[in-house]
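Structure first, then comments.
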Amino acid sequence: MRKKPYLTDAIIGNSKMLVTLTQDGQLQRLFWPNIDFPQHANQFYTGIHTGDGGEGGTSFIHEAGWEHLQAYDGDTNILVTTARNFDLKVEITQTDFVVPGKDIFVRDYQIKNLSSSDKKVSFIAYSDFTVDDRKRYSTVMFNPVDDCLVHYFRQYAFAVGSSMEATQFQSGAAIEAARLNKLSGKVITNKTDGALSWDLGNMAGGEERRLTIYITAGSNLGGAVACLAEAKEAGPDELHDRTALFWEEYLLQAREIHIEDEKTRQVYKRSLLTFKLLNDEETGAFIAGPEVDEDYDFSGGYAYCWGRDAAYIATAADLAGYHGLVSKFYYSTMATQRDDGAWEHRFYTNGMLAPTWGIQIDEGGSILWGIHRHYEITKDVNFLNTIWPSVEKGANYLTMFIDLETHLPLPTNDLWEKREGEHLYSAAAVYGGLVGSAKLARKLNREDLAEKWERTAERMKKTVEERCWNEETGSYLRALKLTVDEKTYTEASLAGKETIVEEDRKGYKTFRLMEDPVIDICLLGLNVPFNMIDEKSDRMVKTAETIEHLLTSPVTGGLERFPGDVYIGGNPWILTTLWMALFDIKIGKFEKARSYLNWAVNNANQLGLLPEQIHKETGEPAWVMPLTWSHAMFVLSVIALEEAGELNGD
């Protein structure tokens, strides 16, 4: 099974099926029946074979010799890729979309003979489905009654067929046969791949032919084939119109915002469309991004729901007008909450615990902060009454998860999942969660709880102000009680720095530095969005200035996370740059905020999708795309500027 690419160029889907593609229109991943797992596609190649008697070979349209243009069809999640091969004198327009509410993926092809002479053309589809992300145990079979290939394993089945009857087929070991357009007719085998070929006949110069391929899913063979029959009966035009109407109506639900700049407007709309694609239809959970690193080569993966990311995403969706989507997400957090009130690190969209490396206390704080923001925006009393038991448990847990010496949350991983300590960002998130929960408690006449939670929050704030300012750097400290290795601890102790050694019941030692002075963009979280420290305080303004001075990327602009960052090369991020824009809006630096927003717009890809990072030398997208948190910060920045009356400048 080949290694998947780490960069996705386009996504389509229906919140149950998620499909990722590259800029040449090649299918890379297909997730179903959840947007995060399982993943079923290994390879899906389409191309043409010209000439009689096997003259030449099949030219797959993602290969050398083809030039590609790609765009979404207006403000929809319908993707159109045009491929031209000037040697073969053929143009293929490929329209890809997933039908809302149906397990139907449509791949509609218009094939045009660009030459002035006749051309005999066959169209070939090679499909390799590693169903349930497995390369073993799968079966592929040709169904002669329904004229389709079916790939299946256990409870997952995928049918590949067309309204046009296939001329040839082969199950298993089909790639070389597909290249020759000589398929064997083998009906069934325990392999993952197969191929179909359609004879389009003799095409006159300038003539066009149409072929629509459907990929349908089901929990068994009968379900996948029945879905294929439904797709064939409806036809590509009806399915296209139904899909386009769905996305048109979805965008009509959004709040009305006047955005003069065309590119900004397009990225804003694409952000709203992306929210829906990366939101699970059944549970309402948001994933951080389509998975690209399933083997954890460079990261811990992305197709999971983090409470932290999701709180930002949900708030952006809320402010944009999608209140129902957000209520559904927060209801899903009730099911993932532990009995003691905590939330674990991250979850699959179906609520199962995902691979984890321990509690990150900012997750729980962010969820509670987001629940309060949702109530503030909607004033939905039914939501408050339903969610309240979760709020009470969650806030009580936060008040217990406190270091009695520092009054900050106990050591956990930071938001970047890089280091353990008592991080100021985590403290700010817990502060925001407790203050928001206290306001909800008062709505329900629980003054006792409100006072308890506010006392804990105020003690944290007092520690930050009295213990965590670093005059030398002109910034707040990043953390207290930072966990380090023994060598770093020893060197720090010899240098006269305050250090700590803790020993657990089994005698294992933890070495800590009392202070972590590193400048980090996440220190903006003290104000944006959690409002622990007033944005106009001298220290907060100075911290922001220090961050901007040290973390602005010199070649491409934009802000990096912290000095010495090595993750994917240590690049500027979209969300970090827009974090600064949000702070600038709060302090009235609107022109600078707009410049950061424009930077993000200019670094979207040609489809309007925002990556996590921009390569610090080349300016190209450097990692996961789209990153849902990037799009959330974009929407939050646009709305904040609009509410300030400064979105479109003078």
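The values are calculated or read from the model by the stated rules, or taken from the named source; none is laboratory data. Since we're looking at a predicted model, the values are computed, not measured. Heads up, the Cβs are rebuilt from the backbone with ideal geometry, glycines too, and the neighbour counts pull from every protein chain shown.
The set of residues in segment 119-142 that are touching a helix residue (DSSP H, G or I) at 6+ places or on another chain (Cβ under 7 Å) and not in a strand (DSSP E or B) contains only Ser138. Considering Thr212, Thr216, the condition of being at pLDDT 95 or above, surrounded by fewer than 23 Cβ atoms within 10 Å (Cβ to Cβ), hydroxyl-bearing (Ser, Thr, Tyr) and part of a strand (DSSP E or B) is satisfied by Thr212 alone.
Scanning segment 548-604 for residues that are surrounded by fewer than 20 Cβ atoms within 10 Å (Cβ to Cβ) and in contact with a Phe, Trp or Tyr (Cβ under 6 Å, 6 or more places away or on another chain) turns up Gly557, Ile568. Which one is nearest to Glu233 (Cα to Cα), of the residues in segment 173-196 that are touching a residue at least 40 places away in the same chain (Cβ under 8 Å) and either touching a helix residue (DSSP H, G or I) at 6+ places or on another chain (Cβ under 6 Å) or crowded, with 22+ Cβ neighbours inside 10 Å (or both)? Among those that are touching a residue at least 40 places away in the same chain (Cβ under 8 Å) and either touching a helix residue (DSSP H, G or I) at 6+ places or on another chain (Cβ under 6 Å) or crowded, with 22+ Cβ neighbours inside 10 Å (or both), it is Leu196.
If you check His631, His549, His615 for being on the phi < 0 side of the Ramachandran plot and either aliphatic (A, V, I, L, M) or in contact (Cβ under 8 Å) with a residue 60 or more places away in the chain (or both), only one passes: His631. The residue of segment 1-17 that is surrounded by the fewest Cβ atoms within 10 Å (Cβ to Cβ), among those that are closer than 20 Å to Tyr250 by Cβ and of a type outside the set (Ser, Thr, Tyr), is Lys16. Taking first residues from segment 328-348 that are more than 11 Å from Ile359 (Cβ to Cβ) and partners that are basic (Lys, Arg), the Cβ contacts under 6 Å between residues at least 6 apart in sequence or on separate chains come to Gly341/Lys393.
Only one of the numbered conditions (1) at pLDDT 95 or above; (2) buried (at least 16 other Cβ atoms within 10 Å of the Cβ) is violated by Asp133, and that is (1). Filtering segment 242-284 to residues that are charged (D, E, K, R), over 30 Å from Glu230 (Cα atoms) and touching a residue at least 12 places away in the same chain (Cβ under 8 Å) leaves Arg255, Glu260, Asp261, Lys263, Lys269.
If you filter segment 69-91 down to residues that are among the acidic types (Asp, Glu) and out of contact with any strand residue (DSSP E or B) (no Cβ under 7 Å at 6 or more places or on another chain), you find that the one that is surrounded by the fewest Cβ atoms within 10 Å (Cβ to Cβ) is Asp87. With respect to the conditions (1) farther than 30 Å from Asn603 by Cβ; (2) surrounded by 18 or more Cβ atoms within 10 Å (Cβ to Cβ); (3) among the hydrophobic types (A, V, I, L, M, F, W, C), Leu245 lacks only one, and its number is (2).
Within segment 49-76, the set of residues being at pLDDT 95 or above and assigned to a strand (DSSP E or B) comprises His49, Ser59, Phe60, Glu67, His68, Leu69, Gln70, Ala71, Tyr72. Annotation note: of Glu294, Glu281, Glu233, the sole residue that is acidic (Asp, Glu), in contact with a Gly (Cβ under 9 Å, 6 or more places away or on another chain) and surrounded by fewer than 17 Cβ atoms within 10 Å (Cβ to Cβ) is Glu294. Of everything in segment 143-172 that's in contact with a Ser or Thr (Cβ under 7 Å, 6 or more places away or on another chain) and outside any strand (DSSP E or B), which residue is surrounded by the most Cβ atoms within 10 Å (Cβ to Cβ)? It comes out as Ala166. When Leu88, Leu79, Leu21, Leu7 are checked against the criterion of being within 27 Å of Lys191 (Cα to Cα), out of contact with any helix residue (DSSP H, G or I) (no Cβ under 9 Å at 6 or more places or on another chain) and either modelled with pLDDT under 95 or of a type in the set (A, V, I, L, M, F, W, C) (or both), a single residue qualifies: Leu21.
Can you find a residue that is assigned to a loop (DSSP other than H, G, I, E, B), buried (at least 17 other Cβ atoms within 10 Å of the Cβ) and touching a Pro at 6+ places or on another chain (Cβ under 8 Å) anywhere in segment 18-34?
Yes; the residues of segment 18-34 include at least one that is assigned to a loop (DSSP other than H, G, I, E, B), buried (at least 17 other Cβ atoms within 10 Å of the Cβ) and touching a Pro at 6+ places or on another chain (Cβ under 8 Å).
To keep it simple, each residue is scored yes or no on (1) under 20 Å from Leu480 (Cα atoms); (2) within 27 Å of the chain's Cα centre (by Cα); (3) modelled with pLDDT under 95.
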{"site": "Gly507", "(1), (2), (3)": "no, no, no"}
{"site": "Leu524", "(1), (2), (3)": "yes, yes, no"}
{"site": "Pro529", "(1), (2), (3)": "no, yes, no"}
{"site": "Asp534", "(1), (2), (3)": "no, no, no"}
{"site": "Leu551", "(1), (2), (3)": "no, yes, no"}
{"site": "Gly558", "(1), (2), (3)": "no, yes, no"}
{"site": "Phe562", "(1), (2), (3)": "yes, yes, no"}
{"site": "Ile568", "(1), (2), (3)": "no, yes, no"}
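Considering only residues in segment 471-495 that are surrounded by fewer than 18 Cβ atoms within 10 Å (Cβ to Cβ) and in contact (Cβ under 8 Å) with a residue 40 or more places away in the chain, the one that is farthest from the chain's Cα centre (by Cα) turns out to be Glu472.
Looking at Leu415, Leu408, just one residue is touching a residue at least 12 places away in the same chain (Cβ under 8 Å), under 30 Å from Glu515 (Cβ atoms), touching an Asp or Glu at 6+ places or on another chain (Cβ under 6 Å) and surrounded by fewer than 23 Cβ atoms within 10 Å (Cβ to Cβ), and that residue is Leu415.
Take the residues in segment 7-17 that are in a loop (DSSP other than H, G, I, E, B) and not polar (S, T, N, Q), then tell me which one is nearest to Ser127 (Cα to Cα). Restricting to residues being in a loop (DSSP other than H, G, I, E, B) and not polar (S, T, N, Q), the top hit is Met17.
Screening Glu417 against (1) closer than 30 Å to Tyr302 by Cα; (2) over 28 Å from the mean Cα position of the chain (by Cα) leaves a single unmet condition, (2). Checking every residue in segment 94-114 against the condition of being farther than 24 Å from His240 by Cβ and at pLDDT below 95 gives zero matches. Just one of the numbered conditions (1) under 22 Å from the mean Cα position of the chain (by Cα); (2) at positive phi is not true of Asp73: (2).
The criterion of at least 3 residues that are closer than 16 Å to Asp9 by Cα is met, among helices (runs of 4 or more DSSP H) falling completely within segment 556-650, by 628-643. Within segment 497-505, does at least one residue satisfy the condition of being at positive phi and either in contact (Cβ under 8 Å) with a residue 24 or more places away in the chain or polar (S, T, N, Q) (or both)? The answer is no, given that none of the residues of segment 497-505 is at positive phi and either in contact (Cβ under 8 Å) with a residue 24 or more places away in the chain or polar (S, T, N, Q) (or both).
Among residues of segment 374-397 that are loosely packed, with under 14 Cβ neighbours inside 10 Å, none has a beta-carbon under 7 Å from a residue that is not in a helix (DSSP H, G or I) at least six positions away or on a different chain.
Residues in segment 597-644 that are hydroxyl-bearing (Ser, Thr, Tyr) and within 14 Å of the chain's Cα centre (by Cα) were compared, and the one that is nearest to Val292 (Cα to Cα) is Thr628. The residue of segment 132-151 that is farthest from the chain's Cα centre (by Cα), among those that are closer than 11 Å to Asn190 by Cβ and in contact (Cβ under 8 Å) with a residue 24 or more places away in the chain, is Met141. With respect to the stated conditions, Phe298 fails to be over 21 Å from Trp357 (Cβ atoms) and not aliphatic (A, V, I, L, M).
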